[in-house]
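The values are calculated or read from the model by the stated rules, or taken from the named source; none is laboratory data. Note that the structure is a prediction, hence the values are computed from the model and not measured. Cβ placement follows ideal geometry from the backbone for every residue including glycine, while neighbour counts extend to all protein chains displayed.
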Amino acid sequence: MGAPWQIVAFPLILPWREEFWTLPLYFPDLKVGVVKGWPPQMPYQGMEMPPEALAPATELKHYRPGDLRQWHAFGEFRKSQEDLGDLIQLLRGYGQEPAEVAETAPSPSPQAWSLAWQLEKISADQEAQLRLVDQGQDWLAEILKPEPWEDQPAFNVPGVEEMVDPELAKLRHRLWLRVMAPYLEGDYAPLLLGRASRSLFLTLKGWPRWTGLQWVELALPGCRSAEELRAAGGGATPPPWQSKFKEMLATCLTATEQGFLELQTAALRLKEFLADEVAAKWPSTPYWTWDLEIWMPGEEKEDESPVLCWAGAGKGILPG
């Protein structure tokens, strides 16, 4: 039996999508940050925003949700605040004991902490609006199409049409690490559920490491309504295959520490199990599938854990 793994949703603020009805079937113990618009029937709910996040950042008052300019706000604010220092470095000290902070970095000021949260909320609002694009509204796709990043390097990354701003990617990842720290003890893996999460993590890997990314992909039968979830066994009694899936997924995550060949072998067994025990007995046909990627971990300290990625969450479609 594989070692227990904690699965933690990324990003920190996660707007609701109908596809998330699938989550309780495969990730009953998923840890999430702030959730927006999630129905009360879901078995897990998000956390409340801290006081720092509720205090408005006056420096961002001229930026409205959906403007698709959060990285410009970030850049302009940093230029205007010479005494702020490295915002990402400041966030490293959040939530640590005084002795630990003295060895790493000074605690972030309320102003810096509020700014980080405001940028995260802008990204979440933007993602919630872009969800309408997936419902076939072509006119909205034209209005809210991604704005180009002027200094974007001309690197060709398979499956990614536009890269996000590296500094903003580091900030969002650092904020997630600090807030979700209680759930990152021991073996853990982020589950990328945000629209731009896939490309954000590729940006964090940097050039040229993202070109060598290795992963396997699984097709999970999924749900897009509460009724479909109940039919698939998502009620008070979990589906009979759930515990075995968790065990085999943990085996795959553990295999990433041994090598890509070991991951491929474990993933092949899991694919066979999904086909024979889950898909073959699914209550409705044809069924919708959730494409789940398992990424090999990187070599950097902050890139040492494997990554789970829902490939359908805006793969190649970046709001910035």
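Taken as a whole, the structure places residue 221 among residues that are buried (at least 19 other Cβ atoms within 10 Å of the Cβ), at pLDDT 90 or above and either farther than 30 Å from residue 178 by Cβ or acidic (Asp, Glu) (or both).
Considering only residues in segment 251-277 that are touching a strand residue (DSSP E or B) at 6+ places or on another chain (Cβ under 8 Å) and in a helix (DSSP H, G or I), the one that is surrounded by the fewest Cβ atoms within 10 Å (Cβ to Cβ) turns out to be 264. The lone criterion from (1) among the β-branched types (Val, Ile, Thr); (2) surrounded by 18 or more Cβ atoms within 10 Å (Cβ to Cβ); (3) modelled with pLDDT under 85 left unmet by residue 216 is number (3). As a summary of the residue check, residue 233 satisfies the conditions (1) more than 30 Å from residue 203 (Cβ to Cβ); (2) modelled with pLDDT of 90 or more; (3) surrounded by 15 or more Cβ atoms within 10 Å (Cβ to Cβ) except for the one numbered (2). Kindly indicate whether residue 286 is in contact with a Gly (Cβ under 6 Å, 6 or more places away or on another chain), more than 23 Å from residue 186 (Cα to Cα) and of a type outside the set (Phe, Trp, Tyr). It is false that residue 286 is in contact with a Gly (Cβ under 6 Å, 6 or more places away or on another chain), more than 23 Å from residue 186 (Cα to Cα) and of a type outside the set (Phe, Trp, Tyr).
Scanning segment 177-200 for residues that are farther than 15 Å from residue 6 by Cα, in contact with a Phe, Trp or Tyr (Cβ under 7 Å, 6 or more places away or on another chain) and not in a loop (DSSP other than H, G, I, E, B) yields 178, 197. Scan 214, 242 and give me the residue that is within 17 Å of residue 21 (Cβ to Cβ) and among the polar types (S, T, N, Q). Going through 214, 242 in turn, the sole match is 242. The residues of segment 206-232 that are of a type outside the set (D, E, K, R) and in a loop (DSSP other than H, G, I, E, B), listed by number, are 206, 207, 208, 213, 214, 223, 225, 232.
Selection within segment 182-204: residues that are charged (D, E, K, R) and surrounded by 20 or more Cβ atoms within 10 Å (Cβ to Cβ). The member of this set that is farthest from residue 22 (Cα to Cα) is 198. Being in a helix (DSSP H, G or I), farther than 23 Å from residue 10 by Cα and among the small types (Gly, Ala, Ser): is that true of residue 280 here? Judged against the criteria, residue 280 is a match. Each residue in segment 255-267 was checked for being under 12 Å from residue 5 (Cβ atoms) and more than 20 Å from the chain's Cα centre (by Cα), and 2 pass.
Take residue 203 and tell me if it is part of a helix (DSSP H, G or I), under 17 Å from the mean Cα position of the chain (by Cα) and among the hydroxyl-bearing types (Ser, Thr, Tyr). When the stated conditions are applied, residue 203 passes them.
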